[in-house]
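Here, each number is a calculation from the coordinates, and none is a lab measurement. Please read all numbers here as calculations on a predicted model, not as lab measurements. Here the Cβ positions follow ideal geometry from the backbone for every residue, glycine too, while neighbour counts run over all protein chains shown.
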Amino acid sequence: MLTTSRLVCFVATADADRARAFYRDALGLALIEDGGYALVFDANGTQLRVQRVETVAPHPYTALGWEVDDVTASVRALAARGVAMARFPGLPLDADGIWATPDGSRVAWFHDPDGNTLSISQPPPA
């Protein structure tokens, strides 16, 4: 039933101004709507709704992720825009904050201003 329907993603913010600056300016997503209930961004054809809430309770796992061609270049580009990669105790990360998974994928995590965990990942080599 939903296989032909478009996916819409959601995260929450308690500070729409900071979220707007982060998702638009730091991540480079196009803001397509700034309504009373949510900021809406275009994430390469997928709608990302950043809902306005009074209090955000981020989960301890990844809320959103992007697959990229070159995770090192993406991490460095984000760092140049002021985005710091997250570090997790016990997880072996390289100097850029990237984890090499057992299958050869490479993943890095970061947080939005409300503490939502976001990721970028590069698939394993073919």
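I'm trying to understand the selection: among the residues of region 57-75, which are among the hydroxyl-bearing types (Ser, Thr, Tyr) and part of a strand (DSSP E or B)? The one that is among the hydroxyl-bearing types (Ser, Thr, Tyr) and part of a strand (DSSP E or B): THR62. With respect to PHE10, determine if the residue is closer than 17 Å to VAL83 by Cβ, of a type in the set (Phe, Trp, Tyr) and in contact (Cβ under 8 Å) with a residue 12 or more places away in the chain. No.
Scanning region 108-126 for residues that are part of a loop (DSSP other than H, G, I, E, B) and touching a helix residue (DSSP H, G or I) at 6+ places or on another chain (Cβ under 9 Å) yields ASP112, PRO113, ASP114. For region 70-84, state whether one or more residues are over 28 Å from ALA14 (Cβ atoms) and in contact with a strand residue (DSSP E or B) (Cβ under 6 Å, 6 or more places away or on another chain). The answer is yes, given that some residue of region 70-84 is over 28 Å from ALA14 (Cβ atoms) and in contact with a strand residue (DSSP E or B) (Cβ under 6 Å, 6 or more places away or on another chain). Among the numbered conditions (1) within 25 Å of ARG18 (Cβ to Cβ); (2) among the charged types (D, E, K, R); (3) surrounded by 13 or more Cβ atoms within 10 Å (Cβ to Cβ), the only one that ARG106 does not meet is (1). Only one of the listed residues (ASP17, ASP34, ASP42) is free of Cβ contacts under 8 Å to residues at least 24 places away in the same chain, among the acidic types (Asp, Glu), in contact with a Leu (Cβ under 8 Å, 6 or more places away or on another chain) and surrounded by fewer than 16 Cβ atoms within 10 Å (Cβ to Cβ). That residue is ASP42.
Screening the candidates ASP25, ASP114, ASP69 for the property of being acidic (Asp, Glu), in contact (Cβ under 8 Å) with a residue 24 or more places away in the chain and crowded, with 16+ Cβ neighbours inside 10 Å yields one hit, ASP114. For region 80-107, a tally of residues being in a loop (DSSP other than H, G, I, E, B), over 13 Å from ILE120 (Cα atoms) and among the hydrophobic types (A, V, I, L, M, F, W, C) returns 3.
Identify all residues within region 13-56 that are under 16 Å from the mean Cα position of the chain (by Cα), part of a loop (DSSP other than H, G, I, E, B) and over 21 Å from VAL83 (Cβ atoms); write none if there are none. Listed by number, the list holds a single entry, GLY45.
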